[in-house]
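Trainee: Handing you a structure now.
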Amino acid sequence: MKSTLFIFTLSLFLSFSASAQKVAVVLSGGGSKGTAHIGVLKALEENHIPIDYIAGTSIGAIIGGLYASGWTIEQMEQLVISDDFNRLASGVVDEKYVYYFKKPEADASWASFRFNIDSIWEFNVPTNLVSSSQMDFMFMDIFSQSNALCKGNFDSLFVPFRCVGSNITQSRADVFRSGNLVQSVRASMTYPLYFKPIIINGNMYMDGGMYNNFPADIALNDFDPDIIIGVKVVSGNTTPDPDNLMSQLESIFMAETDYSLPCNSSVLIEPILPATNIIDFSKASLFIDLGYKAAMEKIPEIRMFVTDSVSPEEVQLRRNAFNVRKSPLIFNDVQVEGLEKNQKDYVVSYYNRKDSLKDKELVKRSYYQLMADDKIRSMYPLSVFNDSTGYYSLNLNVKKESNFVLRFGGVVSSNPMNEAFAEIEYLYLNKRALTLTANTYIGRFYSSGKVAGRLDFPGKHHYALFGRIIYNQWDFFKTSTRFFEDKNPSYLIENDYHWDLGMIIPARNKGKISFGATALIFNDEYFQNNYFSRTDLPDRTYFRALSPFIQWERNTLNKKQFANSGTLLNIKAAYVEGNENTQPGSTSIISEIYEAKHRFFYATFIYENYFKRVGRFKFGWYNDIYWSNEDFFGNYTASMLFTHGFNPVPEMRALFMPQFRAHAYAGSGLKTIFQFRENFDFRVEGYIFQPYQEIKSGPSGIYPEYGPELSQRYYIASSSLVFHSPLGPVLFSLSYYDQYDDPWLFSFYLGYMLFNQKAIN
């Protein structure tokens with residue numbers, strides 16, 4: 001009887017000892033290579049290896065936090081291979097959340113500096129290479145429910161969890177055992193200078209790998225496990241690449257880490273992973289497979305220490321029991337920190353639309369609309385759960401942009417198109433948002449000045465009022481390659497003064513509708529031919545008019561010039577009524593002043609689309625259709641200067657090409673882009689221009705007349721190497737322009753061939 005009791009007691013003890021065996025998994029940092037952690041976790045679950053605790057740093061904190069939050073292996077895998085996750089790493093906003101209504105008008109700026117009037121010499125330099133706004137919202141979305149459920153205690157998650165953040169304020173590593181799960185994971189993976197640091201309880205945090213990239217010691221001290229399974233996805237500190245900024249940052253900021261495991265009952269898994277950029281998640285599927293393979297090879301060794309087993313079905317039952325207790329992420333309140341009262345009202349007004357808080361998608365859209373606002377420098381979203389209501393409060397910590405912005409830029413060109421650009425902008429935020437702008441372009445070919453204002457009214461129906469005064473001058477004489485032998489006149493100067501008033505309303509998230517009126521004065525100077533001296537006086541044409549207009553724009557292009565993805569759709573209709581006064585110069589064969597009244601409608605349709613990608617090749621097309629019932633001006637040259645032109649290649653805007661101008665035409669072309677790298681393209685483009693009726697000079701060479709319908713067409717071809725530098729595009733191009741005086745044109749330029757708005761067209 002006693003022996004039976006002894007055997008029963010011993011069996012019970014051994015059973016208890018076996019069930020008490022605990023396994024901790026430690027996941028290292030390593031950027032995009034850390035997606036291999038998912039493959040390791042998959043192999044452990046499939047082989048019935050229990051995961052009782054989990055700890056990680058950086059990407060290891062993300063994967064570990066997801067597992068501890070009750071995510072399945074399949075859910076984690078789908079997340080990291082998704083376009084959303086790739087955009088998170090690159091800082092690119094999903095196209096469906098682009099808010100074009102708030103996008104500033106494109107200009108030739110290279111760089112901008114922000115300051116306040118009371119700290120004019122303290123320019124605000126960005127502390128991060130990419131925007132963290134998308135990542136911040138995603139982390140709030142995926143971790144908020146688990147954070148509410150564990151009530152700030154990370155031991156109460158699906159499995160107990162730890163992660164490491166680098167406390168920059170106090171120069172130390174901090175272990176996150178409790179607090180806000182969303183903020184803790186965000187702190188642990190905030191790669192220095194790449195993502196914006198996060199403030200928690202007054203301390204600034206960056207990537208935990210700066211102090212501890214492999215928190216095996218923390219897992220041992222906090223959890224006291226029987227077995228530690230470590231996963232190392234980095235190869236140690238490597239020699240930094242002088243052409244790779246991320247490798248240089250990694251060498252500077254990431255500490256030397258001891259990847260040995262601190263107990264005898266342990267196994268280290270080291271997947272063999274190809275070299276990659278730490279933020280490039282395009283190989284996530286491959287890394288997951290390699291992590292799985294490496295873990296499967298280690299299963300026999302793990303089984304030397306781990307005698308317990310738990311089936312995937314048991315794990316899923318526990319996971320379901322945890323997840324079913326989560327409260328749905330539904331908001332019923334918005335709280336704003338960091339702003340004055342009226343400024344808070346401005347932010348809250350974005351959420352005043354019906355059910356905008358109940359619907360998480362509407363919350364997200366409003367968040368991105370605010371992030372697109374140039375009055376907002378940064379915004380951090382955080383959810384706070386209310387036990388009594390079962391809802392969450394959306395807390396937005398907002399930092400206002402500086403009041404003044406200085407921008408500089410221009411174009412440096414091998415052709416006489418060089419120009420400098422400077423702009424100052426004043427930003428004022430209250431219940432309404434005011435933007436005042438003044439800029440100037442100075443160059444041989446193009447000079448301009450603009451003063452403009454925009455007043456934004458947020459709320460249920462967003463809209464803005466705008467006004468601007470612009471002066472433009474184009475001196476085509478300065479861009480002519482030959483001055484006295486051209487078939488077309490070389491001395492052509494366009495002076496354009498106009499005043500615009502109008503309203504802008506958003507057209508969903510990707511578009512905007514503008515309508516208003518323009519008062520304009522054109523003052524053009526020109527010679528009818530190239531036989532003139534310095535003492536001769538040019539012909540002059542004055543045109544004063546009023547032009548009401550309406551315009552719809554839809555734009556998701558990824559760059560303001562030389563885009564390689566996205567679409568542009570621009571439709572405009574306008575009516576013009578004004579008076580012409582043409583005064584002959586000293587070389588004109590016309591001796592009398594010509595006066596006439598002009599009334600006409602015009603409509604434009606421009607569509608650009610990069611629609612196909614095959615490997616490194618991208619394909620796109622460009623379409624431009626123009627129609628007007630405009631009549632002729634007093635002579636051929638004046639008529640051509642007032643006629644709309646087809647300019648699919650940016651440098652064409654600096655050249656006077658009458659064969660590509662008409663009162664009605666259709667132009668179309670294809671673009672083939674080969675990407676050597678993300679910022680380095682080789683582009684080949686071809687276009688056809690079909691005027692409905694070509695405008696020709698009559699028998700006298702002075703007066704215009706129409707040619708036969710559809711009788712002529714012209715061609716354009718262009719090839720270029722484009723490097724998208726931090727300042728702007730650097731371009732080498734060779735172009736062919738049909739029937740131009742010098743049809744082959746080689747160009748080099750750095751910067752943007754962009755101008756202030758014209759009065760018409």
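Trainee: On full extension of the chain, what length is gained from Cys263 through Leu362, given 0.36 nm per residue of separation minus the C-alpha to C-alpha distance?
Mentor: Taking 0.36 nm per residue and subtracting the Cα distance, the gain is 30.7 nm.
Trainee: Can you tell me which aspartates and glutamates have their Cα less than 20 Å from the Cα of Lys512? Leave out same-chain residues fewer than eight positions away.
Mentor: Asp94, Glu95, Glu105, Asp107, Asp373, Asp374, Asp456, Asp500, Glu553, Glu608, Asp624
Trainee: Continuing with this model, one more query. How much net charge surrounds Leu569 when only the other residues with a Cβ under 15 Å from the Cβ of Leu569 are counted, with Lys and Arg +1 and Asp and Glu -1? Present the calculation step by step, with values, prior to reporting the outcome.
Mentor: Numbers: positive: Lys103, Arg508, Lys510, Lys512, Arg554, Lys572; negative: Glu95, Glu553, Glu608, Asp624.
Result for the neighbourhood of Leu569: +2.
Trainee: Please list, or write none, the lysines whose alpha carbon is within less than 25 Å of the alpha carbon of Lys42, excluding same-chain residues fewer than 8 places away.
Mentor: The reachable lysines, counting only those whose Cα sits under 25 Å from Lys42, are Lys22, Lys33, Lys232, Lys283, Lys293, Lys298, Lys326.
Trainee: For Phe746 paired with Tyr607, estimate the spin-label separation in nm (one decimal), with each label point 7 Å from Cα along the Cα-to-Cβ line.
Mentor: 3.8
Trainee: Please give the FRET efficiency for Ser393 paired with Asn581, using the beta carbon to beta carbon distance and R0 = 60 Å, rounded to the nearest 0.05. Could you put the intermediate results ahead of the total?
Mentor: Working: r = 66 Å, r/R0 = 1.09.
Result of the calculation: an efficiency of 0.35.
Trainee: Kindly express, to the nearest 10 degrees and within the range 0 to 90, the angle between helix 36-46's C-alpha long axis and the longest C-alpha principal axis of the chain.
Mentor: 40
Trainee: The range 307-383: which GluC sites (Glu not before Pro) are DSSP loop and have at most 16 other beta-carbon atoms within 10 angstrom?
Mentor: In loop regions of the range 307-383 (DSSP not H, G, I, E or B), the sparsely surrounded GluC sites (Glu not before Pro) are Glu340.
Trainee: Starting from the Cα gyration tensor of the range 463-595, take the square roots of the eigenvalues, sort them a ≥ b ≥ c, and report rounded, prolate or oblate (rounded when a/c is under 1.5, otherwise prolate if a/b is larger than b/c, else oblate). Walk me through the intermediate numbers first.
Mentor: Working: a/c = 3.46, a/b = 1.76, b/c = 1.97.
Here the range 463-595 falls in the oblate category.
Trainee: Please list, or write none, the lysines whose alpha carbon is within less than 19 Å of the alpha carbon of Lys671, excluding same-chain residues fewer than 8 places away.
Mentor: Candidates past the 8-residue exclusion: Lys559, Lys560, Lys612, Lys618.
Trainee: If we sort 260-268, 519-527 on the protection proxy, mean other Cβ atoms within 10 Å, highest first, what's the order?
Mentor: Peptide ranking by packing, descending: 519-527, 260-268.
Trainee: Given the Cα-Cα distance of Trp621 and Ile168 and 0.36 nm per residue of separation, how much length would full extension add, in nm? The partial results should precede the final answer.
Mentor: Details: separation 453, 0.36 × 453 = 163.08 nm, distance 4.91 nm.
Taking Trp621 through Ile168 to full extension adds about 158.2 nm, to one decimal.
Trainee: To continue, here is another question. Just to verify a number: FRET efficiency for Ser235 and Arg318, C-beta to C-beta distance, R0 = 30 Å, to 0.05?
Mentor: 0.25
Trainee: In the range 304-322, whose amide N lies under 12 Å from the spot 7 Å out along Cα-to-Cβ of His48? List them in ranges.
Mentor: Counting backbone N atoms under 12 Å from the label point, the list is 307-314.
Trainee: Separation between the Asp84 and Phe457 pseudo-spin-labels, each 7 Å from Cα along Cα→Cβ, expressed in nm?
Mentor: Output for this residue pair reads 3.6 nm.
Trainee: Now, a different point. Pulled fully out, how much extra length does the chain show between Trp552 and Asn332, if you take 0.36 nm times their separation in residues and subtract their Cα-Cα distance?
Mentor: 75.7 nm
Trainee: What FRET efficiency, computed as 1/(1 + (r/R0)^6) with R0 = 25 Å and r the Cβ-Cβ distance, is obtained for Ile272 and Gln75, rounded to the nearest 0.05? Intermediate values should be presented prior to the final figure.
Mentor: Working: r = 26 Å, r/R0 = 1.05.
Approximately 0.45, to the nearest 0.05.
Trainee: Please sort 167-175, 703-711, 575-583 by packing, taking for each peptide the average over its residues of neighbouring beta carbons within 10 angstrom, highest first. Mind dumping the intermediate values first?
Mentor: Numbers: 167-175: 15.2, 703-711: 12.9, 575-583: 17.3.
Ranked by mean Cβ neighbours within 10 Å, highest first: 575-583, 167-175, 703-711.
Trainee: Cα axis of helix 312-323 to longest principal axis of the chain: angle in degrees, 0 to 90, nearest 10?
Mentor: 70
Trainee: What whole number of Å gives the distance from the Cα centroid of the range 688-728 to the Cα centroid of the range 71-116?
Mentor: Measuring centre to centre over Cα atoms gives 38 Å.
Trainee: Another question about this same structure. For the range 279-355 and the range 510-532, compute the distance between their C-alpha centroids and round to whole Å.
Mentor: 56
Trainee: Put a dot 7 Å past each Cα toward the Cβ at Thr672 and Lys293; how far apart are the dots in nm?
Mentor: With each label point 7 Å from Cα toward Cβ, the separation is 3.6 nm.
Trainee: A follow-up question, please. Find the relative contact order for the chain and round it to a whole percent, using C-alpha pairs within less than 8 Å whose residues are 6+ positions apart.
Mentor: Dividing the mean separation by the residue count of the chain yields 10 percent.
Trainee: With Cβ to Cβ distances under 15 Å as the rule, what net charge do the other residues near Ala111 carry (K, R +1; D, E -1)?
Mentor: The answer is 0.
Trainee: Cα centroid distance between the range 567-637 and the range 31-54, in Å?
Mentor: So the two Cα centres are separated by 62 Å.
Readers should treat all values here as calculations from the given coordinates under stated rules, not as data from a laboratory. Quick caveat, the model's predicted, so the values are computed rather than measured. Virtual Cβ from ideal backbone geometry, glycine too; neighbours counted across all protein chains shown.
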